[in-house]
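Nothing in this text is a laboratory measurement; each read-out follows from the coordinates by a stated rule. Model, not experiment: these values are computed from the prediction. Note that we place each Cβ from the backbone using ideal geometry, even for glycine, and neighbour counts take in every protein chain shown.
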Amino acid sequence: MPDRKSIIDIQDMRKVYDLGTIQVEALRGVNVNILENDYVAIMGPSGSGKSTLMNLIGCLDTPTSGEYILAGERVAHLTDRQLAEIRNRRIGFVFQTFNLLPRASALQNVELPLVYAGESPSERRRRSKEALEAVGLGDRMKHKPNEMSGGQRQRVAIARALVTNPSIILADEPTGNLDSKTGDEIMQLFEKIYANGNTIILVTHEEDIARHARRIIRLRDGLVESDQIVSRAA
Amino acid sequence: MRFLVDVFNGLRIAFGALRANKLRAGLTTLGIVIGVMTVIMMVVIVMGLNKALKSQLDFLGAETVFVSRWDWQSNNWRDMIKRPDMELDYIDDLRAESREIEAISPFFDQQMTVSYRGAQLSRINIQGVSEEFFLTNPKELAEGRVFTAQEVSRNANVTVVGPDIANQLFPDQSPIGKEIKIGAWNFEIIGVTTKYGKVFGQSWDNFCVIPYGVFQKRFAGQNFDGLTIVAKGRGEDRVEELTWEVTGIMRRLRHLDPREVNDFGINTQSAILEQFNSMTAGVYAGGIIIGFISLIVGGIGIMNIMLVSVTERTAEIGLRKALGAKRWNIAWQFLIESAVICAIGGIVGVALAAGVSQAISSFLPTYMPLWVVLVGVIFSAVVGIFFGLYPSLKAAQLSPIEALRSE
């Protein structure tokens, strides 16, 4: 599909951490281009710059140098406040540890990004219900995280990521805290989200999980080592 | 509108966090509770005392001066007793020279026994006055009439009595027209005043008012205090002018040199109240300072616990930021939490103060106006905002990556 638009365009991105006496170069000139409705896995051993790249893609951090164009917007050197808005609007985060608010119900957890988007309470409720139904938790809205299984919690987190209709779902080891059967269910859910036209970026160190993606980007020592299309053999 | 939504969200988060840490929030807010309670108790007691004294002194009349040998606010008896006697002639001079005086009367008093057919009342306050006295004093009549200028000038044996006398000597009938004995002399009751109540625990309703000429003729020999001149001015707001004018006239009548001090006493209700208020003001200020110190100590406690709360909830802050919370969203959340803890402390403090002042009101007059309640609660919320500021800004400054990593 040659007419798909680029959603993430990273050019010569560098990130240097100043640790006082020493400087650590986490990214040393990374170029990545991700198109709309891509399904990309980012892999690499620890220290490869994988987490740094994820933070930068997620607009949680700004690069030392280089360019980052997210859905046509140059975001590499935006202010804190602007980045918060971009995160809210463009990116849905899914974390390894779910990161749900323990005292809030599933519905309230899903509503959270809409609160910061300034949506009205009724609109928040309506869209959060939809998102929870989409992940198969229509009957668990009032439950608190400690009343749900790990898989259900991660579904709530996915619903929370989807509720703002973001351009990108950014998932950091989404199955890391789940058993393999539950993990598979979550990956099937991502497949569904992908089929709906979303762009998914998966950060993982597990080959099995990465193979769910259509494309695997491997990092090593702060550089892209390889960027391959996954063969869908059987 | 947007602002209200933010406040509402902040409140919801704050109450959720407080519910999760009830004991801790309760202990933290104790300093605020005690601070607010101290300040409010101080205000309530001092205002109560001042108000009680004011109402106790109302019988004097707010627009009246009392000129006599005695300064009520002094206890230098040895000097005051050497002062010359007050003279009845002064009354005519004062009336002639003053622009401020509306009514003026002599006043003598003396404790006597009053009786009617074998029933006896001892230590009754007998007051010798002119007919104008009833214009200077806020006494009202329940029955009958007051005496006339003619009755005063011909020294008629008539009396206006307080309701205690009437009730005790004539429980079942009207006392008007009855003859009672004051000491050894007969007086006809022509009027009864309305009930006034107690002043400093003593009934203010057991007196007999008689014409001053009769008083002088029959009882003056036993009168120790001497003459007091009671002069009523044109209103409460002119009592100062009245005081100055009467002082000036009195000094002229006494031929006082400008360097000499007054050899008479000029007494007003407001002067007594002022003296009392200046006494209570010291207590007031002291109590408020103590209350403020405990509020500050309480505020530091709040700051401490908010810092702990920020550290504990680093991951939550990171998550909120990742989901799009801006710095001020986070700062706002913690500020509201801090303000809510303190405002709850303030409400508890006010409630405790209200309870305590109710409990002690039987032996100590208290007065709690609504503004004290509002100021107490609002002020403690302000303390919460002030001491919550640093922890809130600290939370707002957290980098989302660091915060998320802390999990």
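For chain A, take the longest principal axis of its alpha carbons; what is the angle in degrees between that and the long axis of helix A:106-117, to the nearest 10 within 0 to 90?
So the helix axis and the longest Cα principal axis differ by about 50 degrees.
Have a look at A:Asp221, A:Asp172, A:Asp18 and tell me which one the Gaussian network model of chain A (Cα, springs below 10 Å) gives the largest fluctuation.
Among A:Asp221, A:Asp172, A:Asp18, the largest GNM mean-square fluctuation belongs to A:Asp18.
Tell me which trypsin sites (Lys or Arg not before Pro) from the range A:19-113 have a DSSP coil assignment and no more than 16 other beta carbons within 10 Å of their own.
Answer by residue number: A:Arg103.
For the range B:175-224, just say rounded, prolate or oblate: build the C-alpha gyration tensor, square-root its eigenvalues into a ≥ b ≥ c, call rounded for a/c under 1.5, and beyond that prolate if a/b exceeds b/c, oblate if not.
Oblate shape, in that a/c is at least 1.5 and b/c is the bigger or equal ratio.
Only loop residues by DSSP count here, and only those with at most 15 other Cβ atoms within 10 Å; note down the trypsin sites (Lys or Arg not before Pro) in the range B:1-103 that meet that.
Passing sites in the range B:1-103 are B:Lys82, B:Arg99.
Pull up the DSSP beta bridges for the range B:63-268 and report the antiparallel fraction as a percent, rounded to 5.
Expressed as a percentage, antiparallel bridges in the range B:63-268 total about 80.
Mind checking which of A:Met13, A:Met148, A:Met43 has the largest fluctuation in a GNM of chain A, springs on alpha carbons under 10 Å?
Result for chain A, Cα springs under 10 Å: A:Met148 fluctuates most.
Just to confirm my numbers, what's the Cα centroid distance between the range A:1-49 and the range B:81-127 in Å?
Here the answer is 104 Å between Cα centres.
Could you identify which residue out of A:Thr175, A:Thr79, A:Thr164 has the top mean-square fluctuation in a GNM of chain A using Cα springs shorter than 10 Å?
Looking only at A:Thr175, A:Thr79, A:Thr164, the biggest GNM fluctuation is shown by A:Thr79.
Determine the alpha carbon to alpha carbon distance for each of A:Lys142/A:Lys181; A:Lys144/A:Lys181; A:Lys15/A:Lys192; A:Lys15/A:Lys129; A:Lys50/A:Lys144 and list only those over 28 Å.
Beyond 28 Å: A:Lys15/A:Lys192; A:Lys15/A:Lys129; A:Lys50/A:Lys144.
Rounded to the nearest whole Å³, what is the per residue volume of the convex hull around the Cα atoms of chain B?
211 Å³
Put +1 on the Cβ of each Lys and Arg and -1 on the Cβ of each Asp and Glu in the protein assembly as shown; which of B:Ala17, A:Tyr194, B:Ser399 then has its Cα farthest toward the positive end of the dipole?
My answer, from the dipole projection, is A:Tyr194.
Sum up the charges of everything whose Cβ sits under 12 Å from the Cβ of A:Glu133, counting Lys and Arg as +1 and Asp and Glu as -1, but leave A:Glu133 out.
Around A:Glu133, the surrounding residues sum to +3.
Nearest-5 percent of antiparallel DSSP beta bridges in the protein assembly as shown?
Counting DSSP beta bridges with both partners in the protein assembly as shown, the antiparallel share is about 70 percent.
List the residue ranges in chain B for DSSP H helices whose C-alpha atoms run 30 angstrom or more along the long axis and whose Kyte-Doolittle average is 1.0 or above.
B:22-56, B:269-312, B:327-360, B:370-397
Just to confirm the filter: which chymotrypsin sites (Phe, Trp or Tyr not before Pro) across the range B:209-309 are DSSP coil and have at most 13 other Cβ within 10 angstrom of their Cβ?
Sparse-neighbourhood loop chymotrypsin sites (Phe, Trp or Tyr not before Pro): B:Phe224.
Which angle between 0 and 90 degrees, to the nearest 10, do you get for helix A:121-134 versus the longest principal axis of chain A when only C-alpha atoms count?
Orientation of helix A:121-134: about 80 degrees from the principal axis.
Roughly how many nanometres apart are two label points built 7 Å out from the Cα toward the Cβ at B:Asp58 and B:Gln73?
Placing both labels 7 Å beyond Cα along the Cβ direction yields 2.3 nm.
Could you work out the helix-only [θ] at 222 nm for chain A, with each DSSP H run of four or more residues adding -39,500 (n - 2.57) and the total divided by the number of residues, to the nearest 500 deg cm²/dmol?
Rounded to the nearest 500, the figure is -10000 deg cm²/dmol.
Take every DSSP beta bridge whose two residues both sit in chain B, then give the antiparallel share in percent to the nearest 5.
Here the share of antiparallel DSSP bridges comes out near 80 percent.
At 222 nm, what value in deg cm²/dmol follows for chain B if DSSP H runs of at least 4 each add -39500 (n - 2.57) and the sum is divided by all its residues, to the nearest 500?
Dividing the helical sum by the residues of chain B leaves -18500 deg cm²/dmol.
Which residue, chosen from B:Val308, B:Ile344, B:Gln358, occupies the Cα position most advanced towards the positive end of the dipole of the range B:273-407, where the dipole is computed from +1 (Lys, Arg) and -1 (Asp, Glu) charges on Cβ about the Cα centre?
Farthest along the dipole direction, towards plus: B:Val308.
Enumerate the calculated ³J(HN,Hα) couplings along the range B:173-188 in order (Karplus 6.51 cos²θ - 1.76 cosθ + 1.60, θ = phi - 60°), each rounded to whole Hz, writing x wherever the residue is Gly or Pro.
My calculation for the range B:173-188 gives 9, 6, x, 5, x, 7, 9, 10, 9, 10, x, 9, 10, 8, 9, 8 Hz in order.
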